[in-house]
Amino acid sequence: MWLKLIVLGLLGHHHVKAASPDQVHLAFVSSDTSQMGVIWNTYVDARQSVKYGTDQGNLNMNSADQQTPWVYNGTTRYSHRAILNGLEPETTYYYQIEDRKFSFKTMPKNPSSYKVCIFGDLGYWHGNSTESIIRKGLNGEYDWILHLGDISYDLHTNNGQNGDDFLNQLEPIISRVPYMVIAGNHEDDGANFTNYQKRFLVPDNGFQDNQFYSFDLGPVHWVGVSTENYGFYYAYGQEPVFTQYNWLKNDLDKANKNRANVPWIFSFQHRPFYCSNVNSDECQSFENRLVRTGWLDMPGLEPLFLQYGMDMGFWGHEHSYERFYPVADRKYWNGSDAYHNPKAPVYVLTGSAGCHSPDAEFTDQPWPWSAARNNDYGYSIVTVNPTSMHLVQISIDENENTVDDFIITKDAGHVNSEELRRQNPGLKFPPLQCHPKDYRCSAKYLKIVNSEL
Ligand SMILES: [Fe+2]
């Protein structure tokens, strides 16, 4: 007994409170807002459950956990998942796991409008936006969080302790609002994304655990895809790329036929199709081609986005913010009405929440379809309703001031399509900006084109 106590003391905080639930957070598990998923962690085998109800003094509903032990680098953790069913809309629920108490408010049934906090690339040791995100969340300034990969730098660092610390740091807000994620390159832990797979809960419709999935929420069909299936194909094989591609094609086809009920399709992924940062491999050459247009016999993602009228895409990976004009395979529409009934998908890169390398460098010459760039630390708040999407980019460096703000509007029934683009041809890269006899200008553009194509 004494020996056991001494050993527990030496092992530190986590093992002393080994059965205490930690890293408690919420997630959407379907398109049904009467359901909410809860996921948490213990360090010992402990069957637990979520007691919940609308009366803090009488938690009269109960959901037993599904416990999954998982091992990373010799450390065993227990992932606990429970789904709360039968939730009434716009109602505050209290819930309790063992002695730990939390609460959240459900969304309206089929909400016509809501706000999402969106960002990528947020670390534990350099979580520049973390305090602001938590404070604004607790203040009710958004309804849920979407983290576009590169989570905690890294989930598996120090045998996973860094992932534990990060999720505990965010627990005050992610135990109150759903925390949705997609894997970034930093989620590769050398063990086929084990730390990512076991620590998060997402709708279970995409197979391969949580590498890709989709759900409807009010006016938006949200679809998360893994760019890491591409990025790590040499380690984990090409099969995940094909599985995801076939799933995505079917998912987008169904969503595109359901526009009358759910008018928008928004995608989220870690690596960008386009970016104007100095590291040219990621923005202009191999990585870009790999994910966007495909590589070897692996099909890329952009053709599917174009075929099924993807409205928006959110990306991380570059540690900066960049907004694009509607763009379809390097054809773009940058007129003053570009964001009204867009002719092509509109992408936003928002990967500056808090990474290890500040002051992301931009190229001197942005892509011509780049509409705004900012390399302050920060994150995005997106407000959506059936006919508009409003994005505000908040700067941490500038005391939470807004550094970009734009609105996309679309009329009922508008869907971007190849047919629409044929009727309204955009500008093609590279634009003809040189006089035919201005050889210096031509040479400059040729150089750009050659390095880009
Ligand atoms: Fe990344």
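The values are calculated or read from the model by the stated rules, or taken from the named source; none is laboratory data. The shown structure was predicted, so the numbers you read here are calculated from the model rather than taken from an experiment. So basically every Cβ, Gly included, is an ideal-geometry build from the backbone, and we count neighbours across all protein chains shown. The accessibility values were calculated without ligands, DNA or RNA, using every heavy atom of the protein model including side chains. Shrake-Rupley method; radii C 1.70, N 1.55, O 1.52, S 1.80 Å.
A single member of Y321, Y339, Y325 is surrounded by 20 or more Cβ atoms within 10 Å (Cβ to Cβ), within 16 Å of the ligand (Cβ to nearest atom), in the same structural domain as L248 (by TED's automatic domain parsing) and over 28 Å from T243 (Cβ atoms), and it is Y321.
Hand me the list of helices (runs of 4 or more DSSP H) wholly inside segment 190-276 holding 2 or more residues that are crowded, with 24+ Cβ neighbours inside 10 Å.
Answer list for segment 190-276: 194-199, 228-231.
This table checks each residue for (1) surrounded by fewer than 20 Cβ atoms within 10 Å (Cβ to Cβ); (2) within 28 Å of A255 (Cα to Cα).
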| position | (1), (2) |
| --- | --- |
| W367 | no, no |
| A372 | yes, no |
| N385 | yes, yes |
| A412 | yes, yes |
| Q423 | yes, yes |
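Out of segment 301-318, which residues are open to solvent by 10 Å² or more (accessible area, probe 1.4 Å) and in contact with a His (Cβ under 8 Å, 6 or more places away or on another chain)? H317, the sole residue that qualifies.
Which one of G309, G313 is closer than 18 Å to R421 by Cβ and away from the ligand (no atom under 16 Å from the Cβ)?
G309
Summed over segment 27-77, the residues that are part of a strand (DSSP E or B), open to solvent by 40 Å² or more (accessible area, probe 1.4 Å) and not polar (S, T, N, Q) give a count of 6. For segment 250-258, check the following and say yes or no: at least one residue is in contact with a helix residue (DSSP H, G or I) (Cβ under 8 Å, 6 or more places away or on another chain), modelled with pLDDT of 95 or more and not acidic (D, E). Yes. Assessment of segment 280-292 against the conditions (assigned to a loop (DSSP other than H, G, I, E, B) and either at pLDDT below 95 or under 18 Å from Q211 (Cβ atoms) (or both)) yields at least one matching residue.
Out of segment 394-410, which residues are buried (at least 16 other Cβ atoms within 10 Å of the Cβ) and among the charged types (D, E, K, R)? Hits for segment 394-410 are D397, D404, K410. Selection of first residues in segment 295-322 that are closer than 16 Å to Y230 by Cβ and of second residues that are within 15 Å of the ligand (Cβ to nearest atom) and in a strand (DSSP E or B), restricted to Cβ pairs under 6 Å at least 6 apart or on distinct chains, gives the following pairs, ordered by first then second residue: W315/L349.
Go through the residues of segment 138-158 one by one and say whether even a single one is out of contact with any Phe, Trp or Tyr (no Cβ under 7 Å at 6 or more places or on another chain), of a type in the set (D, E), part of a helix (DSSP H, G or I) and closer than 24 Å to E318 by Cβ. Scanning segment 138-158 turns up no residue that is out of contact with any Phe, Trp or Tyr (no Cβ under 7 Å at 6 or more places or on another chain), of a type in the set (D, E), part of a helix (DSSP H, G or I) and closer than 24 Å to E318 by Cβ.
The numbered conditions (1) part of a strand (DSSP E or B); (2) within 28 Å of the chain's Cα centre (by Cα); (3) over 18 Å from P203 (Cβ atoms) are all true for R81 except (3).
The set of residues in segment 179-196 being more than 16 Å from the ligand (Cβ to nearest atom), under 13 Å from the mean Cα position of the chain (by Cα) and either not assigned by TED's automatic domain parsing to the domain that holds N229 or not hydroxyl-bearing (S, T, Y) (or both) consists of M180 alone. The residue list L290, L252, L306 contains one member that is more than 30 Å from S113 (Cα to Cα) and either among the aliphatic types (A, V, I, L, M) or not assigned by TED's automatic domain parsing to the domain that holds A183 (or both), which is L290.
Condition first: open to solvent by 20 Å² or more (accessible area, probe 1.4 Å), more than 16 Å from the ligand (Cβ to nearest atom), assigned by TED's automatic domain parsing to the domain that holds H126 and polar (S, T, N, Q). Can you find one or more residues in segment 346-364 that meet it? Yes: one or more hits. The C-beta contact set for segment 51-67 (first residue farther than 18 Å from N85 by Cβ, second residue of a type outside the set (S, T, Y) and surrounded by fewer than 16 Cβ atoms within 10 Å (Cβ to Cβ), distance under 8 angstrom, 6+ apart or interchain) comprises Q67/D45; Q67/A46; Q67/R47. Screening R176 with (1) more than 16 Å from the ligand (Cβ to nearest atom); (2) assigned by TED's automatic domain parsing to the domain that holds E239; (3) open to solvent by less than 40 Å² (accessible area, probe 1.4 Å); (4) at negative phi gives one miss only, at (3). Taking into account only those residues within segment 118-135 that are in a helix (DSSP H, G or I) and touching a residue at least 60 places away in the same chain (Cβ under 8 Å), which is farthest from the ligand (Cβ to nearest atom)? Here the residue is S132.
The residue list Y114, Y142, Y153, Y95 contains one member that is crowded, with 23+ Cβ neighbours inside 10 Å and either away from the ligand (no atom under 16 Å from the Cβ) or within 28 Å of A18 (Cβ to Cβ) (or both), which is Y95.
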